[in-house]
Each structure stands twice: as C-alpha cells, then as structure tokens.
Amino acid sequence: MATIIAGRNSVAEALKAGRSLTKIYMTADKASQPLRQIKALAREKGVPLEFVKPEAMQRYAPDTRHQDVIAFAAAVSFAVLDDVLARVQEKREIPFLVLLDGVEDVHNMGAVIRTAECAGVHAVLVPKRRSAPVNETVGKTSAGAVEYMPIVQVGNTTSLLKSLKKRGFWIIGAHMDGENDYFHSSLTGPVVLVIGSEGRGMSRLVRENCDILVRIPMFGQINSLNASVAAALLMYEVVRQRGDAR
C-alpha cells in the first residue's frame with residue numbers, strides 16, 4: 001500500500017532526495033511560491049502531478065494538515081545497521097545512534113528524527129513492537145528528515161544492545177533517576193542514546209542493558225520533559241562534547 005506524504009516541506013524534501021513517488025496531488029486554485037517549487041521539482045524528476053479539488057485532498061489526507069499538496073510513495077525503506085556502520089567506518093567518524101524504546105507517539109518520533117538528522121546522528125533505531133509506525137505523520141513532523149536519516153527496525157532490542165556493546169558502544173539511557181546528570185557524563189565515544197516513552201520510560205530489560213543512566217536536572221514542579229525535547233538535549237550534548245574533544 002502506498003504511503004501518503006503530506007505537506008509542502010515533506011513533499012519537496014522527498015522530491016529532492018529522489019524518493020520514488022508515483023503521483024503528486026495539488027489543490028487546483030493554489031499558486032504559492034513553495035507549491036511552484038514543488039511543481040518545478042516534479043517536472044524535473046518526471047513525477048506526474050495532478051490538480052484536484054480540496055475535497056479530494058481531504059479524502060486522501062483527512063487527519064493531516066496537507067498544505068494543499070500530497071504525494072504517494074512506497075513505504076519508507078528501513079536501513080540495515082551493518083551497512084550504516086560500514087559507511088561510518090569508511091568516513092572515519094565516531095558512531096552515533098539513537099534508540100527509541102517504546103516511543104509510540106508519531107509526533108514525538110518525527111521530532112526526534114528531525115533533530116537526529118540535524119545533529120549528525122548516523123541512524124535512529126526503532127523496535128518492531130511498542131513503537132510508533134513510520135508513517136506520513138512522522139514524515140511531516142520530521143520536516144522531511146525521514147528522507148535522509150537511516151531508520152533501522154529492530155527485532156530483539158536487548159540482543160542488539162548486547163551486540164553493540166561487544167563492538168565498543170556505550171549504551172546511554174535517559175532516566176529521571178540516573179546516577180549522573182547528562183552534561184557530566186562522557187559522550188565522546190561510540191554511543192547509543194536510549195530514549196524511553198513519556199509514560200513508561202524504558203523497558204526493564206533495556207534499562208538493565210544500559211551502561212549508564214543519565215538524568216536531565218529538573219527545577220520546576222513537573223518532573224519530566226517531552227521525549228523529543230529530552231532526546232534533543234542529549235543529542236546536542238554529544239555534539240558539544242565531541243566538538244570540544246577535537
């Protein structure tokens with residue numbers, strides 16, 4: 001079944017990234033500059049574009065703010081972790097992975113993928129179970145970052161973490177009861193940042209397989225952050241520490 005990509009930025013990024021699109025629908029009476037850009041990209045890439053009535057757009061994307069344009073594409077292709085790590089080694093970079101453990105909100109997942117792409121993360125790992133689907137809402141919330149960020153689907157999360165430990169990775173879990181605050185923890189080596197769900201946090205087995213649990217200091221009345229905000233803070237602490245270590 002085709003995936004629907006909705007929104008001007010998401011469709012434009014899909015075209016720029018060379019994603020295989022079968023068709024683009026655009027509202028007939030709209031002619032803004034972003035939509036003109038999409039029309040030009042569609043012509044350049046040879047993607048059929050049709051002008052339709054607003055009712056048709058609503059039928060195909062009823063629960064999404066489509067911004068007068070939607071595209072039809074094959075489902076996102078998941079990356080293979082060994083291939084990702086091989087490319088990292090070729091570039092002589094320090095591996096940087098993010099694992100979402102139990103993040104079931106599509107908006108949080110999309111926001112994490114967007115920040116991960118900006119922060120230079122090499123791949124986002126998502127379990128097959130207890131995880132948000134990588135759908136058009138994730139793509140839109142990521143502002144098109146799903147077109148560039150390798151997303152790896154994980155079968156057995158604890159087995160993967162054990163395997164990555166043997167390959168020299170440090171598994172860093174975000175937890176409100178962590179033994180160290182995140183900016184006093186060393187994040188310069190090969191790392192997997194583990195982000196749990198807002199409600200339940202990390203699963204017990206994943207938590208037990210973390211090398212260290214780090215906390216984000218809280219000074220207000222609310223004791224936790226949105227999962228995507230917590231992930232952003234930790235990702236950019238990795239960026240900061242690696243920059244200082246150069």
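The values are calculated or read from the model by the stated rules, or taken from the named source; none is laboratory data. Keep in mind that this is a model prediction, so the values were computed, not measured. Here the Cβ is made from the backbone with ideal geometry for all residues, glycine too, and neighbour counts use every protein chain on show. Please note that ligands, DNA and RNA were not included when accessible areas were found on the heavy atoms of the full protein model with its side chains. Shrake-Rupley method; radii C 1.70, N 1.55, O 1.52, S 1.80 Å.
Every Cα-Cα pair in the range 1-132 was counted, and those over 22 Å apart are 47% of them.
When only the Cβ of Lys, Arg, Asp and Glu is charged (+1, +1, -1, -1), the dipole of the chain relative to its Cα centre reaches about 520 debye. Here the accessible area is traced with a 1.4 Å probe on the protein chains. For the range 142-212, carbon and sulfur cover 47 percent of it.
Please work out how much length the chain gains when fully extended from ARG167 to ARG43, using 0.36 nm per residue of separation minus the C-alpha to C-alpha distance, in nm with one decimal.
Details: separation 124, 0.36 × 124 = 44.64 nm, distance 4.57 nm.
Extending this stretch completely gives an extra 40.1 nm.
Gain on full extension, evaluated as 0.36 nm per residue between VAL239 and ASN156 minus their Cα-Cα distance, stands at 27.1 nm. Against the empirical curve 2.2 N^0.38 Å, the C-alpha radius of gyration of the range 61-143 lands at a ratio of 1.21.
Remind me, relative contact order of the range 118-158 in percent, using alpha carbon pairs under 8 angstrom and six or more residues apart? Over the range 118-158, the number comes to 61 percent. Rounded to the nearest 10 square angstrom, TYR148 shows an accessible area of 100 square angstrom against a 1.4 Å probe. Put the Cα centre of the range 129-172 next to the Cα centre of the range 188-233 and the gap is 15 Å.
For the chain, the residue among GLY139, LEU193, ALA73 whose Cα projects farthest onto the positive side of the dipole built from Cβ charges is ALA73. Sorted largest first by accessible area at a 1.4 angstrom probe radius, with every protein chain in place, the residues ILE113, ILE94, ILE4 fall in the order ILE94, ILE4, ILE113. Which part of the range 153-189 falls in the paramagnetic zone of PHE219, meaning amide N under 18 Å from the point 7 Å along Cα-to-beta-carbon? The answer is 181-184, whose backbone nitrogens lie closer than 18 Å to the label point. Once the gyration tensor of the Cα atoms in the range 190-246 is diagonalised, the equivalent ellipsoid follows with semi-axes of 21, 17, 9 Å, ordered largest first. With the crude spin-label approximation of a point 7 Å out along Cα→Cβ, what separation in nm comes out for ARG204 versus ALA74? Each label point is offset 7 Å from its Cα along the Cβ direction, giving 4.2 nm. Projecting the Cα atoms of LEU35, ALA123, VAL98 onto the dipole axis of the range 20-159, where Lys and Arg carry +1 and Asp and Glu carry -1 at the beta carbon, places LEU35 farthest toward the positive end.
The structure shown yields Cα extents along the principal axes in Å, and of the options (1) 60, 36, 31; (2) 65, 43, 38; (3) 57, 46, 34 that calculated value carries the label (3). Phi-derived couplings, Karplus 6.51 cos²θ - 1.76 cosθ + 1.60 at θ = phi - 60°, listed residue by residue for the range 68-79: 6, 8, 9, 10, 10, 9, 5, 4, 4, 7, 6, 7 Hz, with x used for Gly and Pro. Distance between Cα centroids, the range 12-36 to the range 84-115: provide it in whole Å. Measuring centre to centre over Cα atoms gives 27 Å.
Could you report the chain's accessible area per residue, 1.4 Å probe, as an integer in Å²?
On the way: 12650 Å² over 246 residues.
Per-residue value: 51 Å².
Output the relative contact order of the range 1-75, whole-number percent, from Cα pairs under 8 angstrom with separation of 6+ residues.
Working: 123 pairs, mean separation 42.1, N = 75.
Result for the range 1-75 is 56 percent.
Placing unit charges on each Cβ (+1 for Lys and Arg, -1 for Asp and Glu) gives the range 1-71 a dipole about its Cα centre, and among THR22, GLY46, THR64 the Cα reaching farthest toward its positive end belongs to GLY46.
Normalised by the number of residues in the chain, the average gap of Cα pairs under 8 Å and 6 or more apart makes the relative contact order 20 percent. Pairs of lysine in the chain with Cα under 23 Å and at least 8 positions apart or on different chains: total? Number of lysine pairs found: 22.
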